[in-house]
Amino acid sequence: MIQRFLLPALAAVALVAPAARADVSEVRKSVFRITTTMQGSDWRAPWNPGGIGRGVGAGFLIAGGRIMTNAHVVSDARFIEIEREADPKKYPAVVEFVANDCDLAVLKVLDPSFKKDIRELEFGGIPALESDVTALGYPIGGEHLSVTRGVVSRVDYQPYSHSSVDSHLAIQIDAAINPGNSGGPVVQNNKVVGVAFQGYSGDVAQNVGYMIPTPVIQRFLTDISDGRYDRYADLAVTTFALLNPAQRRALGLDPNDDKGVLVTAVMPGGSGDGVIKRGDVLLSIDGLPVFSDASVIMDGDRVEMPEVVERKFKGDKVSFTLLRDRKEQKVDVVVKPADPYLIQAFSYGQRPRFVMFGGCVFQPLNRNLMAAFNFDDLHVRYFYNYFVLDQLHVERPEVVIFSSILPDPVNSYLSPLRGTVVDTVNGKKITRLEDLRDALEGDAPTIVIRVLGQGRPVVLERAAVDAARDRIKQRYSVAEEAYLGNDAPSEPPAKQPVATTAKKE
């Protein structure tokens with residue numbers, strides 16, 4: 001069993017600060033120690049479960065008798081135990097909702113007696129700069145509650161390290177960083193103003209930690225109120241600041257004004273597709289003027305324009321005033337999540353999808369796979385880095401990688417082709433893993449798999465693959481040869497077509 005206590009440069013960790021002077025006696029009983037036994041996935045051998053680890057974090061009681069914590073405290077959880085201050089009993093809990101894109105989760109304790117004599121904490125607003133806040137949790141896996149204090153030093157739009165691809169509003173605290181406080185409340189005047197969640201290790205920055213502010217928390221709670229979590233919506237457009245007077249004049253804008261940003265790209269299939277066009281100048285969003293650096297004044301603070309969309313939900317409308325061909329017009333955009341961005345997001349609680357054929361393993365490209373193999377093929381890196389920017393997802397919704405090989409006489413001399421992008425199988429274009437599975441089925445005696453950037457293809461004889469199937473499975477302890485994404489395993493490609501189903505402490 002592995003305990004996770006090492007920190008990367010920017011990691012989902014805890015907030016800890018100098019000794020607190022505020023009276024938080026009313027809050028202490030509502031803060032808990034969370035111990036999670038977790039088991040992730042083995043992306044190098046996707047038919048196997050990953051290693052078992054152990055993480056320690058914190059959580060607190062909220063309305064409805066639920067416990068709020070960070071997603072990274074309970075992601076990939078197999079068993080969760082909750083401990084109250086001064087109570088020797090350990091209470092099993094289950095995850096009700098988890099939002100990996102904003103690093104929040106709510107848990108339910110199975111024993112109803114758990115909530116006895118404990119009050120549900122209330123949420124406050126965004127604390128003022130330079131004001132004191134108090135963080136509560138269990139740093140370094142301690143057995144007893146730690147009460148510490150920090151000073152609010154910045155309110156800004158920041159990357160959330162748990163998914164690695166999402167950015168949301170975050171509050172910076174002048175505080176040290178230690179594991180174990182993750183998921184614990186940050187309070188002011190006995191109200192929760194944030195959830196401790198990440199910070200820099202000491203070799204990068206000193207006394208810099210972050211908490212998730214209440215606008216993000218309230219949005220998460222509102223999203224799950226209908227019984228499911230729909231993820232954050234995204235406008236799916238790219239903008240460019242209009243600070244150059246000559247450029248402003250060319251677009252028909254007042255060169256001395258400070259309003260308007262240029263749309264440089266609109267993601268096909270995204271929220272803005274068909275409504276907003278490349279070359280448009282966004283002048284206002286939901287009635288708020290858009291400044292030339294893509295910021296708006298919201299709730300009295302200057303924030304980035306995406307913060308307006310951040311507070312929307314799937315299916316909500318966002319109204320724009322824009323300049324198109326020097327003419328002002330108004331448009332409405334119905335927002336939704338932007339799925340192509342997920343290629344660069346860490347995923348949790350999901351089995352890796354794969355197909356194995358003749359000891360050759362094929363998997364869709366994503367961040368977990370990149371982290372596992374660190375591919376150096378230029379085509380793989382191009383598809384990974386420019387999947388959205390160059391709109392590669394339009395023709396290839398999934399990038400299928402020849403990720404690894406289980407050596408056997410049937411696949412001799414194919415090792416140099418590992419870590420490449422699959423282009424075609426017997427002439428059929430491969431745009432998703434299901435395409436590969438379908439192309440490998442049938443009666444063709446020879447399978448020719450062409451990969452990008454290589455002159456010679458992967459060539460496999462079906463008869464030899466069939467003869468080697470049991471030998472490879474036994475030698476490498478392979479329980480199944482394919483998993484396409486459902487609970488039931490897929491059947492391996494065969495001669496006849498078969499029905500298949502598709503810490504960070």
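The values are calculated or read from the model by the stated rules, or taken from the named source; none is laboratory data. The model shown is predicted, which means the values in this text are computed figures rather than measured ones. Cβ atoms come from the backbone with ideal geometry, glycine included; neighbour counts cover every protein chain shown.
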Original post:
Which residues, counting only those in the range 278-294, are surrounded by fewer than 21 Cβ atoms within 10 Å (Cβ to Cβ) and farther than 12 Å from Val333 by Cβ?
Top reply: Arg278, Gly279, Leu283, Ser284, Gly287, Leu288, Pro289, Phe291, Ser292, Asp293, Ala294
Subject >> Among (1) modelled with pLDDT of 95 or more; (2) over 24 Å from Gly125 (Cα atoms), the one test that Asp286 misses >> reply: (2)
Original post:
Within the range 112-145, which residues are among the charged types (D, E, K, R) and within 30 Å of Asp301 (Cβ to Cβ)?
Top reply: Glu120, Glu122, Glu130, Asp132
Subject >> Yes/no for Asp203 being modelled with pLDDT under 90 and either part of a strand (DSSP E or B) or acidic (Asp, Glu) (or both) >> reply: yes
**OP:** Check Val109, Val94, Val74 and return the single one that is closer than 28 Å to Arg149 by Cα and of a type outside the set (Ser, Thr, Tyr).
**Re:** Val74
**OP:** Examine the range 54-67 for a residue that is assigned to a strand (DSSP E or B) and closer than 30 Å to Val478 by Cα, and state whether such a residue exists.
**Re:** yes
Subject >> Qualifying positions in the range 71-114 - surrounded by 17 or more Cβ atoms within 10 Å (Cβ to Cβ) and not in a strand (DSSP E or B) >> reply: Ala71, His72, Val73, Val74, Ser75, Asp76, Asn100, Asp101, Cys102, Asp103, Phe114
Subject >> Scope the range 153-164; condition assigned to a strand (DSSP E or B) and either basic (Lys, Arg) or closer than 25 Å to Asp76 by Cα (or both); matching residues >> reply: Arg154, Gln158, Pro159, Tyr160
**OP:** Report, ordered by the first and then the second residue, all pairs with beta carbons closer than 6 Å, sequence separation of six or more or different chains, a first member in the range 117-130 that is more than 13 Å from Ile62 (Cα to Cα), and a second member that is surrounded by 11 or more Cβ atoms within 10 Å (Cβ to Cβ) and among the polar types (S, T, N, Q).
**Re:** Pro127/Gln188
**OP:** Only one of these is of a type in the set (Asp, Glu) and under 23 Å from Pro245 (Cα atoms): Asp286, Asp299, Asp293. Name it.
**Re:** Asp293
**OP:** Could you tell me whether Ile212 is part of a strand (DSSP E or B) and either at pLDDT 95 or above or closer than 24 Å to Val186 by Cα (or both)?
**Re:** yes
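Residue by residue, here is whether (1) surrounded by 14 or more Cβ atoms within 10 Å (Cβ to Cβ); (2) at pLDDT below 95; (3) farther than 21 Å from Tyr160 by Cβ; (4) not aliphatic (A, V, I, L, M) holds:
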{"site": "Leu61", "(1), (2), (3), (4)": "yes, no, yes, no"}
{"site": "Arg66", "(1), (2), (3), (4)": "yes, no, yes, yes"}
{"site": "Lys116", "(1), (2), (3), (4)": "no, yes, yes, yes"}
{"site": "Pro127", "(1), (2), (3), (4)": "yes, yes, no, yes"}
Original post:
Does the range 138-152 hold any residues that are assigned to a strand (DSSP E or B) and either in contact with a helix residue (DSSP H, G or I) (Cβ under 6 Å, 6 or more places away or on another chain) or modelled with pLDDT under 90 (or both), and which are they?
Top reply: Ser146, Val147, Thr148, Arg149, Gly150
Original post:
Of all residues in the range 293-308, which are touching a strand residue (DSSP E or B) at 6+ places or on another chain (Cβ under 6 Å) and either modelled with pLDDT of 95 or more or of a type in the set (Val, Ile, Thr) (or both)?
Top reply: Val296, Val308
**OP:** Mind listing just one residue for me: the one in the range 463-500 that is in contact with a Ser or Thr (Cβ under 6 Å, 6 or more places away or on another chain) and loosely packed, with under 14 Cβ neighbours inside 10 Å and, of those, modelled with the highest pLDDT?
**Re:** Asn486
Subject >> Inter-residue pairs, beta-carbon under 8 Å, first within 21 Å of Asp42 (Cβ to Cβ) and in the range 324-350, second surrounded by fewer than 17 Cβ atoms within 10 Å (Cβ to Cβ) and at pLDDT 95 or above, 6+ apart >> reply: Phe346/Ala371
